[in-house]
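Q: Before anything else, here's the structure in question.
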Amino acid sequence: MVKRKADKLEGVPLTDEPRRTSRRISQPVKQTEFESEAEEPSPPPMKKTTKAKKAAANKNPETSVAPAGKMPSKAVKATKKPEKNGNNPDIPTSTTGQQFWLMKAEPESRFEKGHDIKFSIDDLAAKTIPEPWDGIRAYVGMFAAAPERGNSHAKRRTARNNLRAMKNGDLAFFYHSSCKVPAIVGIMEIVEEHSPDPSAYDSSKPYFDPKSSPDDPKWSIVKVEFRQKFETPITLTQLKAFRAEDDSPLKNMDMLRQTRISVSKVSEGEWNFLTAVVEKNGEKIYGR
C-alpha cells in the first residue's frame, strides 16, 4: 500500500516535497544552637590522646555524629526527573500515559511514478491486518512550541520523529487532506511501534530514497488499525472556526499552526474537545 502525506491547506499549491503515501530557592535554614539545660557549666572536655585522635580520623564520615550544639544540615530532597517520551522527549503524554495524534492521507487519486497513492479511511477499514503507515519523507518545520507544553523556545518537530515517538495503544485521528473537503474523518489505533520503512529503499516505490538502505534506514513506519469512522466529519473550516474562538482549546493545535506537517501531536485537551464535538453529533467515541 502506498500512501502520501498531504501537506497543504485548501487552495495552497503543493510543493515538491515528498508526501504521505506516504526550576525558588528556599531561604536557607538558619542553624540554631541548642541551649544547655544544665544549670551549671559543663566541665571542659578532656584532651584527646593521640590514639583517640587517630581513631576519630579513621571514622567513616557518613556515620559520624554532628557536633554538639549544632543542628545537622538539612537533607536535600531528591526530585524525580520527568520521564522522557520515546524518541521525542518534547512531546508530552496524557495523564494516563496514552498519546494522541493526527495523521493525514489523500483520499482522492493522484499518481506518483505510476502508482495511485490515494488512501481513505474506507481503505483502512477494509484492511484485515495492521496497515503500515509508510511514505513519510519530510522533515517539517521550526516553530515556537506552546507555553503550556513547557517550552518557550523553538523546537524541531518532524513527522518522522513523531512516528518514532508513538506507542502501542496510542490513538490517532485519520485526516483526509488535499481533497475537496479536508476533514477529520475517524479514529485509528497504533498497534505496532516504529520500524524501518522498506519502501524507502525500493526503487520501484513512489518515494524511493537512494540515501536510505536496509543497513542504514532513514525513515520509519508504524502500523495502524481502523477503529471508527465519523458519520459527521470535523471539517478544516470548523477547526479554524473553533480555533478563532476566545480561549479555544485548539489555539495551539499543531496541525493548525503548521499546516504542512503530515503526522502531528494532538494534546489531551484537544482530543477531548474534538471527540466531544463528535459526541454532540450523536455518535459514540471508540474506547468510551
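The values are calculated or read from the model by the stated rules, or taken from the named source; none is laboratory data. All values reported here derive from a predicted model rather than from experimental measurement. Using ideal geometry, Cβ is built from the backbone for each residue, glycine included, and neighbour counts are taken over all protein chains shown.
Q: Looking at the range 243-282, which of its residues are aromatic (Phe, Trp, Tyr) and surrounded by fewer than 21 Cβ atoms within 10 Å (Cβ to Cβ)?
A: Phe273 - this is the single residue of the range 243-282 that is aromatic (Phe, Trp, Tyr) and surrounded by fewer than 21 Cβ atoms within 10 Å (Cβ to Cβ).
Q: Would you tally the residues in the range 265-288 being at pLDDT below 95 and charged (D, E, K, R)?
A: Within the range 265-288, residues that are at pLDDT below 95 and charged (D, E, K, R) number 1.
Q: Give me the pairs: first residue in the range 225-253 and within 29 Å of Lys127 (Cα to Cα) and of a type in the set (S, T, N, Q), second residue surrounded by 15 or more Cβ atoms within 10 Å (Cβ to Cβ) and modelled with pLDDT of 95 or more, beta-carbon distance under 6 Å, and six or more apart or on different chains, which are they?
A: Gln228/Gly186; Gln228/Ile187; Thr235/Ala183
Q: Being of a type in the set (A, V, I, L, M, F, W, C) and over 23 Å from the mean Cα position of the chain (by Cα) is the filter here, so list the residues in the range 243-276 that pass it.
A: Matches in the range 243-276: Ala244 only.
Q: Please enumerate the residues belonging to the range 164-176 that are hydrophobic (A, V, I, L, M, F, W, C), within 17 Å of Gly97 (Cα to Cα) and not in a helix (DSSP H, G or I).
A: Selection gives Met166, Leu171, Ala172.
Q: So how many residues does the range 242-264 have that are under 14 Å from Pro182 (Cα atoms) and either of a type in the set (Phe, Trp, Tyr) or in a helix (DSSP H, G or I) (or both)?
A: Within the range 242-264, residues that are under 14 Å from Pro182 (Cα atoms) and either of a type in the set (Phe, Trp, Tyr) or in a helix (DSSP H, G or I) (or both) number 2.
Q: Just name the residue that is surrounded by the most Cβ atoms within 10 Å (Cβ to Cβ) out of those in the range 177-232 that are of a type in the set (Ser, Thr, Tyr) and either touching a Leu at 6+ places or on another chain (Cβ under 8 Å) or assigned to a loop (DSSP other than H, G, I, E, B) (or both).
A: Tyr207
Q: Also, I was wondering about something else. For Arg157, are the conditions met, namely being at pLDDT below 90 and crowded, with 22+ Cβ neighbours inside 10 Å?
A: yes
Q: To continue, here is another question. Would you pick out the residues in the range 101-126 that are among the hydrophobic types (A, V, I, L, M, F, W, C), modelled with pLDDT of 95 or more and outside any loop (DSSP other than H, G, I, E, B)?
A: Of everything in the range 101-126, those that are among the hydrophobic types (A, V, I, L, M, F, W, C), modelled with pLDDT of 95 or more and outside any loop (DSSP other than H, G, I, E, B) turn out to be Trp101, Leu102, Met103, Ala105, Ile121, Leu124, Ala125.
Q: Starting from the range 178-203, take each residue that is closer than 30 Å to Ala276 by Cα and list its partners that are at pLDDT below 95, counting only C-beta distances under 7 angstrom and pairs at least six apart or across chains.
A: The qualifying pairs are Ser178/Ala6; Ser178/Lys8; Pro182/Glu10; Ile187/Tyr286; His194/Leu163; His194/Arg164; His194/Ser220; His194/Ile221.
Q: So, one more: Can Ile129 be described as among the hydrophobic types (A, V, I, L, M, F, W, C), at pLDDT 95 or above and assigned to a loop (DSSP other than H, G, I, E, B)?
A: For Ile129, the condition - among the hydrophobic types (A, V, I, L, M, F, W, C), at pLDDT 95 or above and assigned to a loop (DSSP other than H, G, I, E, B) - is met.
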